[in-house]
Amino acid sequence: MQDIKEIWKQKIAAALTEIARQNGSVETIQKHQVVVEIPPKPELGDLGIPMFPFAKILRKGPPQLAQAVVAQLMASGATNVWGSVKAEGPYVNIHLEKSAVAGQILKSILDHADTYGRPQSLNDSKIMVEFSSPNTNKPLHLGHLRNDVLGESISRILAACGAQVRKVCIINDRGIHICKSMLAYKEYGQGKTPESEGVKSDRFVGDWYVRFHKMSQEDPTAEERAQDLLRKWEQGDPETVALWKQMNQWAVEGIKKTYERTGVSFDQYYFESQTYLKGKEEVLKGLEQGLFYREEDGSVWVDLTSEGLDKKVLLRKDGTSLYITQDIGTAIFRHHDWPFQRLVYVVGSEQQYHFKVLFKVLEKLGYDWAKNLYHLSYGMVNLPEGKMKSREGTVVDADDLIDSLKEMALQEIREKNREEAVGDGEAVAEKIAVGALHYYLLQVSPTKDMLFNPKESLSFNGNTGPYLQYMGARISSMLRKKAGSLAEAGQFRPELLTGEAEWALIKTLATYPETVELAASQMDPSVIAAYLYELSKAFSRFYHDCPILNAETADLAASRLALSQAVLQVLRSAMTLVCIPFLDVM
Ligand code: ARG
């Protein structure tokens with residue numbers, strides 16, 4: 001639709017400029033000053049252009065101006081091909097010439113199979129996106145799944161707009177959390193391995209973390225002994241470092257398997273153990289420059305009260321690093337490795353304050369790119385059963401959740417006797433599970449807290465991932481079966497596609513590129529999710545109202561098939577943006 005809107009903006013701007021000239025003004029109205037809206041009711045037209053912004057410049061009331069513009073457009077013969085115009089109060093409303101517009105839109109979709117919906121609005125920009133960023137003391141949980149799919153989806157959306165995107169992850173492999181798992185393992189797990197226990201390796205490490213918390217309830221010295229272990233690690237004690245390496249390797253290996261399963265990937269991993277010393281060095285540099293101050297106990301602080309924030313500790317009294325210390329180092333390494341225009345941190349909303357402070361500290365340290373850092377903050381996700389608590393081992397493990405969704409999908413396939421039709425039932429069920437999960441998580445705006453309802457996410461006839469997958473499979477199978485013969489028999493004539501359902505569907509297809517652009521500018525994949533639902537509803541209506549294979553003429557059949565082909569193309573493209581696997585059969 002963008003193309004069509006541009007054409008109309010141009011025409012209206014020219015008409016306004018001409019009206020100005022007739023009134024003796026040299027004012028030129030530019031295309032970009034013209035705003036195009038969608039009228040609230042379809043009877044009013046397909047596009048509406050408010051005259052308010054020009055009333056003052058051209059010294060005419062908006063309604064008179066609307067009439068003058070319409071008269072001018074008629075007089076110049078500018079209205080025949082692309083539609084007709086009508087003045088409606090302060091608006092110039094446009095009724096598009098369906099056949100011409102349908103032809104133009106479908107042609108641009110079918111001719112640009114790989115590039116339709118890639119608006120290029122972010123051409124030449126370099127955007128780094130950080131997401132997931134797990135700690136190595138436990139497997140990924142439901143919260144990570146929301147984070148992962150948000151980060152992956154945003155990255156795909158930004159790339160679709162032409163940006164160069166680099167996906168990065170910081171593995172928090174250092175600190176007290178991993179020492180706790182290490183301690184429990186040291187005391188109760190010597191000799192055991194994930195293989196010997198038959199457990200996925202990240203889960204294995206997480207089980208020791210849960211075990212530590214049981215230990216610490218019975219033994220008050222446990223905390224202190226974990227701290228000892230951290231000190232030993234910082235001093236480079238070989239035995240401690242060796243155990244740390246082993247446990248981290250188990251954790252990271254397992255976590256990467258989950259990424260693979262959900263279609264999430266990174267261009268680069270950063271490890272806290274490799275960046276925290278850089279952070280410490282920067283803090284000490286800032287201290288020397290008088291940007292920070294030392295408390296009596298020896299700890300180093302930054303005072304951000306004049307910027308509306310608080311005082312915040314940057315190094316502990318014993319000189320050890322904090323979470324923020326490593327983040328300072330990591331950001332600097334990242335900009336050095338790949339000078340980005342923007343760095344987006346996909347991290348939970350409970351860390352808002354942390355990022356405000358981090359960005360200010362980096363700015364104070366003189367890094368001018370610090371003003372291009374952005375925290376994409378997202379809300380909590382829980383199950384209807386209630387809150388998750390990692391210490392008590394009641395978190396919903398990501399793998400377990402996907403397994404149970406997959407089991408439910410498999411059952412449904414069996415119940416419907418679709419096992420033979422779908423081929424590899426396990427593989428299809430896994431894709432349905434991932435599609436259900438991702439769509440459910442992305443359909444809500446990132447900032448909102450949410451409940452994940454597994455049953456609802458899998459429903460085949462609602463606003464769900466599987467519903468979209470089903471739609472895709474249905475169109476695919478129709479095209480596979482009949483496309484060849486019918487398309488050959490008839491001729492694609494877009495001007496035949498002017499029925500109400502066809503027109504509504506074409507208009508929806510036409511708004512895809514601007515939808516992608518909007519999702520990118522708002523950093524919100526739910527925009528694409530909502531679009532997908534609109535599109536599948538519009539297709540359903542078309543499918544119901546307009547016989548395809550039994551159309552009255554061969555040309556009409558061929559044209560409706562071409563329209564279905566365009567829908568499939570856009571559906572598939574949009575599904576990829578929100579990380580829903582496409583299925584040919586279901
Ligand atoms: N690992 C951290 C956690 O689990 C999140 C890291 C977020 N990213 C960052 N650059 N601080 O809470």
TODO: Pull up all non-local amide H partners of Tyr270: gap of 5 or more, or a different chain, and H-to-H distance under 5 Å with H placed in the peptide plane.
DONE: Cys169, Ile170, Ile171
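On alpha carbon coordinates alone, what is the Rg over Rh value for segment 333-375, Rh being the Kirkwood radius? Before the final figure, lay out the partial values.
Details: Rg = 10.4 Å, Rh = 10.8 Å.
Radius of gyration relative to Kirkwood radius: 0.96.
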TODO: Report, in whole Å, the centroid distance computed from the Cα atoms of segment 496-550 and segment 6-36.
DONE: 31
Task: log10 of Debye I(q)/I(0), alpha-carbon scatterers only, for segment 195-307 at 0.09, 0.13, 0.14, 0.16 Å⁻¹ - done: -0.43, -0.82, -0.91, -1.04
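Using the alpha carbon gyration tensor of segment 4-129, what are the three equivalent-ellipsoid semi-axes (square root of 5 times each eigenvalue), largest first, in whole Å?
Values: eigenvalues 168, 76, 37 Å².
Its equivalent ellipsoid spans semi-axes of 29, 19, 14 Å.
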- [ ] May I ask you to derive the relative contact order of segment 121-261, considering only C-alpha pairs under 8 Å and at least 6 residues apart, and to give it as an integer percent?
- [x] 30
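Please compute the per residue accessible area over segment 145-295 with all protein chains in place, 1.4 Å probe, rounded to a whole number of Å².
Working: 6610 Å² over 151 residues.
Heavy-atom accessible area per residue stands at 44 Å².
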Open item on the list: Over the Cα atoms of segment 289-419, each weighted equally, I'd like the Debye log10 I(q)/I(0) at q = 0.19 Å⁻¹, rounded to two decimals.
Closed with: -1.12
TODO: Name the long-range amide H neighbours of Leu315: under 5 Å, sequence gap of 5 or more, or other chain; modelled H, no Pro or chain starts.
DONE: Val300
- [ ] Enter the Cα centre distance for the pair segment 552-586 and segment 208-285, rounded to the nearest angstrom.
- [x] 47
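Can you work out the accessible area per residue across segment 1-86, with the rest of the protein chains kept in place, probe 1.4 Å, in square angstrom? Write down the numbers at each step before the final one.
On the way: 4610 Å² over 86 residues.
Here the per-residue accessible area is 54 Å².
Add +1 for every Lys or Arg and -1 for every Asp or Glu among the other residues with Cβ under 13 Å from the Cβ of Thr136, and state the total.
Working: positive: Lys138, Arg174, Lys180, Arg203, Lys245, Lys256; negative: Asp173, Asp202, Glu253, Glu272.
That sum, taken over residues with Cβ under 13 Å, equals +2.
Determine the relative contact order of the chain: mean sequence separation of Cα pairs under 8 Å and six or more apart, normalised by residue count, in whole percent. Working shown, then result.
Working: 952 pairs, mean separation 89.4, N = 586.
Reported relative contact order: 15 percent.
Would you please classify the overall shape of segment 524-586 from the alpha carbon gyration tensor, given that a ≥ b ≥ c denote the square roots of the eigenvalues, rounded means a/c under 1.5, and beyond that prolate means a/b larger than b/c while oblate covers the rest? All intermediate terms of the calculation are to be shown ahead of the outcome.
Numbers: a/c = 2.76, a/b = 2.13, b/c = 1.30.
Note, shape of segment 524-586 comes out prolate.
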Task: ³J(HN,Hα) computed for each position of segment 314-328 - Karplus, 6.51 cos²θ - 1.76 cosθ + 1.60, integer Hz, glycine/proline x - done: 10, 9, 6, 4, 8, x, 7, 7, 10, 3, 5, 4, 5, 5, 5
TODO: Among the lysines, select those whose C-alpha is under 19 Å from the C-alpha of Lys416, and discard any that sit fewer than 8 residues away in the same chain.
DONE: Lys406, Lys431, Lys455
Task: Relative contact order %, segment 286-364, counting alpha carbon pairs below 8 Å whose residues are six or more apart - done: 21
Task: Loop-exposed GluC sites (Glu not before Pro) per DSSP, neighbour cap 16 Cβ within 10 angstrom, longest uninterrupted part of the chain - done: 28-294
Open item on the list: With only alpha-carbon pairs counted, each pair once and no self-pairs, how large is the Kirkwood hydrodynamic radius of segment 238-291 in angstroms?
Closed with: 14.0
Open item on the list: Charges at C-beta only: +1 for Lys and Arg, -1 for Asp and Glu. How large is the resulting dipole of segment 451-586 about its Cα centre, in Debye rounded to 20?
Closed with: 420
TODO: Place +1 on the Cβ of every Lys and Arg and -1 on the Cβ of every Asp and Glu in the chain, take the dipole about the Cα centre, and give the residue among Tyr543, Trp244, Pro62 whose Cα lies farthest towards its positive end.
DONE: Pro62
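Please list the three semi-axes, largest first and in whole Å, of the ellipsoid equivalent to segment 145-200, using sqrt of 5 times the eigenvalues of its alpha carbon gyration tensor. Display every interim value, and only then the final one.
Values: eigenvalues 289, 40, 15 Å².
Value: 38, 14, 9 Å, ordered largest first.
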Task: Computed magnitude of the charge dipole of segment 180-260 (debye, nearest 20; Cβ of K, R +1, Cβ of D, E -1) - done: 200
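Roughly how big is the chain's charge dipole about its Cα centre, with Cβ charges of +1 (Lys, Arg) and -1 (Asp, Glu), in debye to the nearest 20? Could you put the intermediate results ahead of the total?
Values: 68 positive and 76 negative charges, 251 e Å.
It comes to approximately 1200 debye.
So, counting K/R as plus one and D/E as minus one, what does the shell of residues with Cβ under 12 Å around Asp173 add up to? Don't skip to the answer; put the middle values down first.
Details: positive: Arg174, Lys245; negative: Glu272.
Residues close to Asp173 contribute a combined charge of +1.
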Task: Degrees separating the helix 554-577 axis from the principal Cα axis of the chain, which is the longest one - done: 30
- [ ] Filter the trypsin sites (Lys or Arg not before Pro) in segment 12-80 to those in DSSP coil with at most 14 other Cβ atoms within 10 Å of their Cβ, and list the result.
- [x] Arg59
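Please report, as a whole percent, how much of the solvent-accessible surface of the chain comes from carbon and sulfur atoms (probe radius 1.4 Å). Numbers along the way, then the final one.
Numbers: 12760 of 26070 Å².
Of all accessible area on the chain, carbon and sulfur atoms account for 49 percent.
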Task: For the chain, with +1 on Lys and Arg beta carbons and -1 on Asp and Glu, the positive-most of Gln22, Ile12, Ala71 along the dipole - done: Gln22
TODO: Over all alpha-carbon pairs of segment 247-354, lay out the pair-distance distribution in 5 Å bins, whole %, shortest bin first.
DONE: 2, 9, 16, 18, 20, 16, 8, 6, 4, 1, 0
Open item on the list: More than 28 angstrom separation, counting every C-alpha pair in segment 134-283; what % is that?
Closed with: 28
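Under a 1.4 angstrom probe, counting protein chains only, how are Val444, Val205 ranked by accessible area, largest first?
Numbers: Val444 35, Val205 0 Å².
In descending accessible area the options line up as Val444, Val205.
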Open item on the list: Looking at the chain, I'd like the Rg to Rh ratio, where Rg is from alpha-carbon atoms and Rh is Kirkwood's inverse mean 1/r.
Closed with: 1.06
Task: Nearby lysines by direct alpha-carbon distance to Lys364 (threshold 24 angstrom, same-chain neighbours under 8 apart not counted) - done: Lys126, Lys278, Lys280, Lys285, Lys311, Lys312, Lys317, Lys356
Task: 0 to 90° range, to nearest 10: angle between helix 526-545 axis and the chain longest Cα axis - done: 40
Task: Reachable aspartates and glutamates, given that their alpha-carbon falls under 13 Å from the alpha-carbon of Lys9 and they are not under 8 places away in the same chain - done: Glu37
Open item on the list: Solvent-accessible area of Arg560, probe 1.4 Å, all protein chains present, reported in Å² to the nearest ten, please.
Closed with: 20
Task: Surface/4 of the Cα convex hull for segment 66-204, nm² - done: 16.1
- [ ] For Arg493, Arg572, write out the residues from largest to smallest accessible area, computed with a 1.4 angstrom probe and no ligands counted.
- [x] Arg572, Arg493
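For the chain, what proportion of DSSP beta bridges, expressed in % and rounded to the nearest 5, is antiparallel?
Rounded to the nearest five, the antiparallel share is 50 percent.
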TODO: For Gly348, enumerate residues with amide H under 5 Å from its amide H, sequence gap 5+ or separate chain, H modeled in the peptide plane.
DONE: Tyr378
TODO: Beyond 32 Å between alpha-carbons counts as too far, so tell me which of Lys448/Lys537; Lys11/Lys167; Lys256/Lys537 fall in that bin.
DONE: Lys11/Lys167; Lys256/Lys537
Task: Rounded to 10°, Cα long-axis angle of helix 2-22 versus longest principal axis of the chain - done: 60
Open item on the list: Can you find, among Leu383, Ala370, Thr330, the residue sitting farthest towards the positive end of the charge dipole of segment 326-437, where Lys and Arg contribute +1 and Asp and Glu -1 at Cβ?
Closed with: Ala370
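The values are calculated or read from the model by the stated rules, or taken from the named source; none is laboratory data. The structure presented is a predicted model; accordingly, all values stated were derived computationally and were not measured. Cβ: placed from backbone, ideal geometry, glycine included. Neighbour counts: every protein chain shown. Keep in mind that these areas ignore ligands, DNA and RNA; they rest on the heavy atoms of the full protein, side chains included. Shrake-Rupley method; radii C 1.70, N 1.55, O 1.52, S 1.80 Å.
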